[in-house]
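One structure is given below, encoded as structure tokens.
Each reported figure results from applying straightforward, stated rules to the coordinates on display, with no laboratory input. Remember, predicted model here, so these are calculated numbers, not experimental data. We place every Cβ from the backbone using ideal geometry, glycine too, and count neighbours over all the protein chains shown.
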Amino acid sequence: MGIFDQIVWEKSVFRNEGVLDYTYMPSQVLFRENEQKEIVGSLKPLIFDRLPRNMYIYGQPGVGKTVCVKKVLEDLGEFTSDIYSTYVDLWSYRTTNAIYTEIARQMKMPFVSGRSSEFIAERIKERITAKKGAVFVFDEVDKAKDQMFLYNVLTNFDKVCTIIITNDQTYMQAVDARISSRLTPYYMEFKPYTIEQINEILAERKRAAFMSGVMPEEAFDLIVEETFKYNDIRLGLFLLSESGKIADYNNSDKISADYVSEAVKRIGTFKNKTSSVGLNKEEKTILNIVGENQGLTTSELYGLYVERGGSLSERSLRRYLEKLSSINMVNVNEIRGGIRGRSFQVFIK
Ligand SMILES: Nc1ncnc2c1ncn2[C@@H]1O[C@H](COP(=O)(O)OP(=O)(O)OP(=O)(O)O)[C@@H](O)[C@H]1O
Ligand SMILES: [Mg+2]
């Protein structure tokens, strides 16, 4: 039998690995009913032509802030098309121009790329005026390079519910007084989950991700305990996924507690990948762009990087890529047979 023959017969413990992806939208956001109600309460006045309430949402990483807000926006979109809703992650879009361009893109507005912020803001305003209003979510708001976008939104646009999300509880203290006095948000903290809640959230994903009966209770309990230590649901998803992969690698039809322990040893990689400890802003932006556009060429990467407000030269960007590659965070592969000299494709690892 050839080496590859057995691959045909290879089984997997996974039923649907995709549900362990951090960007996967669960059908229900568990234990955040009150938070969702508050968000709905903030934007609901728009439906009745009244003034909405702005929000400042904060809390530790992986406690469901993003997923919760996105869920409400999704439901809002199903309920009415009279209110625009846009979600922008400022880790990826950091300048006022990049943020406005992204909002315009989500509003399906043509011909804004390369236009001034004032021009785009004016078009956005026209659009909102023609409807009942808009909800703007600025996630990871502390990552913005300047705060002009926020000032403009608050001073020039009517009928907008502005929701900012951050891990940084002190963000407002550093914000320009002209912004904070206009924002006057409702503050909402996302508190960490209890161990029972973590158990239930992860159990839901485990059921959807794996074939039934592949993960013994003791293995799952270990994952719940580890997740509780860090209080970051993303870590639980990482451990579920890694331990499943280890089981597959070993051709086992059970995910034993030993495999989970092995996955726990890889938490360092997880921490690097998500919170990107030790990486500077440029490197984080590069990682984000590659994550969203796997396999793009270095020149495409540079184009997107500049579009998002990056100021490095293409040469420096390549140097950063080399560093990210040397610490195993990206793969840079040469494309063979390129006609215009050497060309490279970038993948996240
Ligand atoms: N209550 C929940 N029910 C279902 N899934 C959840 C819940 N809370 C978090 N998750 C899942 O955990 C992961 C992390 O959640 P999320 O991205 O919302 O965290 P966050 O608070 O925005 O973290 P960060 O501050 O790092 O951005 C997501 O994949 C999300 O689907
Ligand atoms: Mg988030």
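Within 10 Å of each residue's Cβ, count the other Cβ atoms and sort 180, 92, 81 from fewest upward. Provide the component values of the computation, followed by the final result.
Values: 180 17, 92 21, 81 10.
Ordered by Cβ neighbours within 10 Å, fewest first: 81, 180, 92.
For the chain, the longest principal axis of the alpha carbon atoms and the long axis of helix 65-79 meet at an angle near 60°. Each of 254, 65 was scored by other Cβ atoms within 10 Å of its Cβ. Arranged with the fewest first, they read 254, 65. Restricted to Cα atoms, segment 33-189 shows a radius of gyration and a Dmax of 14.5, 41 angstrom. For the cross-link pairs 143/206; 159/191; 37/281; 71/254; 143/191; 11/71, the ones whose C-alpha atoms lie over 25 Å apart are 143/206; 159/191; 37/281; 71/254; 11/71. Per-residue Cβ neighbour counts within 10 Å put 237, 321, 312 in the sequence 312, 321, 237, beginning with the fewest. The stretch between residue 186 and residue 30 holds 53.9 nm of extra length on full extension. This uses 0.36 nm per residue minus the Cα-Cα distance. Between 0 and 90 degrees, the angle of helix 33-47 with respect to the longest Cα principal axis of the chain falls at about 30 degrees.
Please work out how much length the chain gains when fully extended from residue 280 to residue 218, using 0.36 nm per residue of separation minus the C-alpha to C-alpha distance, in nm with one decimal.
Numbers: separation 62, 0.36 × 62 = 22.32 nm, distance 3.87 nm.
Using 0.36 nm per residue and subtracting the Cα-Cα distance, I get 18.5 nm.
Based on DSSP, what percent of beta bridges with both residues in the chain are antiparallel, to the nearest 5? Each step should come with its number before you reach the end.
Working: 9 of 29 bridges.
The answer is about 30 percent antiparallel.
3J(HN,Hα) couplings calculated from phi for segment 164-178 with the Karplus curve 6.51 cos²θ - 1.76 cosθ + 1.60 (θ = phi - 60°) are, in sequence order, 10, 10, 7, 7, 8, 5, 9, 3, 4, 5, 8, 7, 3, 4, 5 Hz; Gly and Pro show x.
Quick one: pull the percentage of alpha-carbon pairs in the chain with a separation above 28 Å. Working shown, then result.
Numbers: 31620 of 60726 pairs.
Summing the P(r) of the chain above 28 Å gives 52 percent of all pairs.
Relative to the longest principal axis of the Cα atoms of the chain, the long axis of helix 96-106 makes an angle of roughly 80 degrees.
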